[in-house]
Amino acid sequence: MSPLSFADRMILLQFAINKYDSESLLKDKLKDILSAKDIERGIDTLIGTQKVRRIGNDALQNNTSHTELPELPENLKEIVARL
């Protein structure tokens, strides 16, 4: 698998958050795809851009009232399906 671009990592995180709202579960599911640092940085970026919100100590949610989920690129469909 080729390295993911920054945009691909953000999209992957949004779809993973849509599937798993628990931050610890999300990190566990993504640990084989992204580094822990990339996951943390991505979550912080998505929160900062208001695409994702934290709704508890360990709960994340896509901020669909502010922005819609982006279209899933072909190269990420298989990855998201395996999560």
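Observations, loosely collected:
- Meets criteria (assigned to a helix (DSSP H, G or I) and either touching a Leu at 6+ places or on another chain (Cβ under 7 Å) or free of Cβ contacts under 8 Å to residues at least 24 places away in the same chain (or both)) for Arg9: yes
- Test: residue in the range 61-71 that is surrounded by fewer than 18 Cβ atoms within 10 Å (Cβ to Cβ), in contact with a helix residue (DSSP H, G or I) (Cβ under 9 Å, 6 or more places away or on another chain) and hydrophobic (A, V, I, L, M, F, W, C): yes
- Selection from the range 27-54 of residues that are among the hydrophobic types (A, V, I, L, M, F, W, C) and surrounded by 11 or more Cβ atoms within 10 Å (Cβ to Cβ): Leu30, Ile33, Leu34, Ile39, Ile43, Leu46, Ile47, Val52
Bear in mind these aren't lab numbers, they're just calculated from the coordinates by the rules spelled out. Predicted model, so just to flag it, every value in this text is computed and none were measured. Here the Cβ is made from the backbone with ideal geometry for all residues, glycine too, and neighbour counts use every protein chain on show.
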